[in-house]
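Participant: To start, I am sharing the structure in question, which I have written as C-alpha cells.
The values are calculated or read from the model by the stated rules, or taken from the named source; none is laboratory data. All of these numbers come straight from a predicted model, not from anything done at the bench. Positions of Cβ are backbone-derived with ideal geometry, glycine not excepted, and every protein chain shown enters the neighbour counts. Each accessible area value is taken on the protein alone, full model and side chains, heavy atoms only, with ligands, DNA and RNA left out. Shrake-Rupley method; radii C 1.70, N 1.55, O 1.52, S 1.80 Å.
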Amino acid sequence: MRARTLPHSRLRSGGGTRIARGTRRTVVIAAVAALGAGLLAGCADDGKKDDDKGSIGDGKGKTTITLGLFGTMGFKEAGLYAEYEKLNPNIKISENVIERNENYYPALVNHLTTNSGLQDVQAIEVANISEVTTTQAAKFQDLSKVSGVNKSNWLDWKWAQATTKDNKTIGLGTDVGPMAICYRTDLFKAAGLPTDPAAVGQLWAGDWNKFIETGKKYKSKAPAGTFFMDSPGGLLNAVLSSEKEKFYDSSGEIIYKTNPAVRAGFNLTAKAAQEGLVQGVPQFQPSWDQTIANSKFATVACPPWMLGTIKGKSKPDSFGKWAVAVAPKSGNWGGSFLGVPSSGKHVKEAEKLVAWLTAPEQQAKLFKVQGSFPSAPGAYTMPEVTGATNQMTGSANIGTIFAEAAKSAPVQVIGPKDQIIQQGLSDNGVILVTKGKSTEEAWANATKTIDNSLDK
C-alpha cells in the first residue's frame, strides 16, 4: 500500500474542541498574518488558481462550482473532483487556492464582511472556526439540514466546532490531526530503549511526566549531538492539546494565566528544556528543518500530516527509520472544514458537493492519497485506514493508532486568540529556557508578550 503523507504547506493548530461562546472580540488580522508565518512549513505562490472560469458555467452548459481553499487540501490530487464530475455530468469543479492560511483567512474575513468575492464553497481552518462560527454564522448555510448529512457521521467534538449555540452548523469537517509520538527507531536502539511501538507506548502511557523520564533515559545513552525531542514548542503544544481546558473557558473568557493545566504544562516543558532534552529551535523554521535532515532528535509530537513534513525535510537514508507510538495522552493538532456561503451563485449544488466530499468514503480516499486523517469515524474501519502505512515508517500499520487518538481526544474549548497565546508561550516563553532563562523569567516574558498582543 502506498505511503499516506500530507504535504507540509498547511497551517495546523487547535485540538478536539468545543467553541468558546460569548466572546465579543474579533481576530486582529495583522496578528493572524504574523502568527501564521511562524506556524507554517513550506511555501508556494499565493493565489494559485486551478481552471478558474467563474461560477456561471464553462460554455458547454455545465454549472461550475468554485471552491476557495488554502494549502494542499488534496481533493483534486485524490481524484475526488473527477469522480464527482463523472457522477454528475452537468457539474464542473474549479478550485481557487491560496497557499498559506495566514493570507487566505484575512481575505476570507474581508469577503464575508463585504459579502462579495466569495466562492461557492469556502474552507475554514480549525484555528479560525471559532471566530467564524461566533461572528459570521449568518453568512453561511446550515449544513445540518442538507440531505444525507448526519451529525453521527462526524466525531462529536469535530461537529461541535462548527456549530453555533443555536445549533446551526456552518461547516462540515474534512480532516483532523490526532496526536501520536513519532520516534526514530535507530536512535532509540542506540540509547538502549525499546523500538517496538507497543513497548514504546508503554514507557509513557497516561502521563507526560513519564515521557520526560524516558527522555532522561535517552539522554544518558544518546548518540552524540542528538536530543530527545525536536522543540519546546512542540512538547508544550502536545501537552496542552491533551487537556480538557487550556486558554479559554466555556463562557469565552481567557484563562490561560490562571488555568493550572497551562502552567503545569509550561513548567514541565521548561523542565525538559533545563535538562537538555529538547532542542532550542522553534518548529517550522529553517533551523528546525535542518535538524530533521541531520537526524538530530529522536521524537516529535506527530499528527498524521507531520509524517509528510518529516519526509519533505529528511534525507533518503532516514526513510523507514521512523515509527509511531501512542502519545501519553490523546490530543489533536489541526483540521479543516468546508462551508457554503449563502450569497453563492450555486448554493444547493455547493451543499451537495460538500456533503459528498466530506462523507466517510471520500475522507478515506483522501487519507489514502493525501494523508489527511478523516474526521468521520465511519472511515476508520475502511481498508484505506486500517491498512495504512507510510514511507517514513516502513511496513508498520499506523492508521489504527491515529484512529484511537482521534476518538479519545478531549473536547476542548478554543477561542479566537488561541494561536496568539500558543505562539507566545512557545516562542516568547519556553524556548527561552533553552537559552539560559529561568522558568519564571520565561513565563513572565511570555505573558507580557501575549497580553500586549491581546490588547491590540
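Participant: Looking at (1) modelled with pLDDT under 95; (2) polar (S, T, N, Q); (3) closer than 30 Å to LEU80 by Cα, which one does GLN419 not meet, given that it meets all the others?
Facilitator: (3)
Participant: If only one of LYS151, LYS139, LYS145, LYS189 is in contact with a Phe, Trp or Tyr (Cβ under 8 Å, 6 or more places away or on another chain), open to solvent by 30 Å² or more (accessible area, probe 1.4 Å) and not β-branched (Val, Ile, Thr), which one is it?
Facilitator: LYS151
Participant: Condition check: touching a Pro at 6+ places or on another chain (Cβ under 6 Å), buried (at least 23 other Cβ atoms within 10 Å of the Cβ) and more than 19 Å from PRO377 (Cβ to Cβ). Does GLU125 satisfy that?
Facilitator: no
Participant: Being open to solvent by less than 20 Å² (accessible area, probe 1.4 Å), in contact with a Cys (Cβ under 6 Å, 6 or more places away or on another chain) and either in a helix (DSSP H, G or I) or modelled with pLDDT of 95 or more (or both) narrows it down to one of VAL324, VAL385, so name that one.
Facilitator: Values: VAL385 fails: in contact with a Cys (Cβ under 6 Å, 6 or more places away or on another chain).
Residue meeting the stated conditions: VAL324.
Participant: Within segment 327-343, track down each residue that is open to solvent by 20 Å² or more (accessible area, probe 1.4 Å) and out of contact with any Phe, Trp or Tyr (no Cβ under 8 Å at 6 or more places or on another chain). Spell out how you get there, then give the answer.
Facilitator: Kept after step one, since they are open to solvent by 20 Å² or more (accessible area, probe 1.4 Å), are these residues of segment 327-343: 329-330, 342-343.
Within segment 327-343, SER330, SER343 qualify.
Participant: Those residues that are part of a loop (DSSP other than H, G, I, E, B), touching a residue at least 60 places away in the same chain (Cβ under 8 Å) and open to solvent by 10 Å² or more (accessible area, probe 1.4 Å), I need them from segment 396-408; list them, please.
Facilitator: ALA396
Participant: Is it true that some residue in segment 420-435 is surrounded by fewer than 16 Cβ atoms within 10 Å (Cβ to Cβ), of a type outside the set (A, V, I, L, M, F, W, C) and in contact (Cβ under 8 Å) with a residue 40 or more places away in the chain? Can you show your working first?
Facilitator: Going through segment 420-435, the residues surrounded by fewer than 16 Cβ atoms within 10 Å (Cβ to Cβ) turn out to be 435.
Cutting the leftovers down to of a type outside the set (A, V, I, L, M, F, W, C) gives us 435.
Those still in the list that are in contact (Cβ under 8 Å) with a residue 40 or more places away in the chain too: 435.
Looking through segment 420-435, at least one residue is surrounded by fewer than 16 Cβ atoms within 10 Å (Cβ to Cβ), of a type outside the set (A, V, I, L, M, F, W, C) and in contact (Cβ under 8 Å) with a residue 40 or more places away in the chain.
Participant: Here's another thing I want to ask about it. Where residues in segment 439-456 are more than 17 Å from VAL262 (Cα to Cα) and free of Cβ contacts under 8 Å to residues at least 40 places away in the same chain, which of them is surrounded by the most Cβ atoms within 10 Å (Cβ to Cβ)?
Facilitator: Here the answer is ASN452.
Participant: Within the set of pairs 6+ apart or on separate chains, which have a first residue in segment 340-353 that is of a type in the set (Lys, Arg), a second that is in a loop (DSSP other than H, G, I, E, B), and C-beta atoms under 8 Å apart?
Facilitator: Every condition considered, the pairs that remain are LYS345/SER55; LYS345/ILE56; LYS345/ASP120; LYS352/VAL146; LYS352/SER147.
Participant: Between a residue in segment 235-246 that is on the phi < 0 side of the Ramachandran plot and outside any helix (DSSP H, G or I) and any residue that is open to solvent by 10 Å² or more (accessible area, probe 1.4 Å) and not hydroxyl-bearing (Ser, Thr, Tyr), which pairs come within a Cβ distance under 6 Å, given they are 6 or more apart or on different chains?
Facilitator: SER242/LYS329; GLU243/ALA261; LYS244/PRO410
Participant: Another question, if that's okay. What are the residues in segment 62-81 that are hydrophobic (A, V, I, L, M, F, W, C) and either touching a Phe, Trp or Tyr at 6+ places or on another chain (Cβ under 8 Å) or free of Cβ contacts under 8 Å to residues at least 60 places away in the same chain (or both), if any?
Facilitator: LEU67, LEU69, PHE70, PHE75
Participant: Continuing with the same structure: LYS257 passes all but one of (1) within 23 Å of GLU441 (Cβ to Cβ); (2) surrounded by 24 or more Cβ atoms within 10 Å (Cβ to Cβ); which number fails?
Facilitator: (2)
Participant: So if I check each of GLU95, GLU99, which one is in contact with a Leu (Cβ under 6 Å, 6 or more places away or on another chain) and under 19 Å from PHE75 (Cβ atoms)?
Facilitator: Answer to the check: GLU95.
Participant: Here is a further query. Go through ALA264, ALA272, ALA222 for me and flag whichever is within 17 Å of PRO328 (Cβ to Cβ), of a type in the set (A, V, I, L, M, F, W, C) and open to solvent by 10 Å² or more (accessible area, probe 1.4 Å). Even if it seems obvious, please write down each step before you answer.
Facilitator: On the way: ALA272 fails: open to solvent by 10 Å² or more (accessible area, probe 1.4 Å); ALA222 fails: within 17 Å of PRO328 (Cβ to Cβ).
The conditions single out ALA264.
Participant: While we're looking at this one, here's another question. Please go through segment 132-163 and give me each residue that is without any contact (Cβ under 8 Å) to a residue 60 or more places away in the chain and not in a helix (DSSP H, G or I), ordered by number.
Facilitator: Hits for segment 132-163 are GLN136, ASP142, ASN150.
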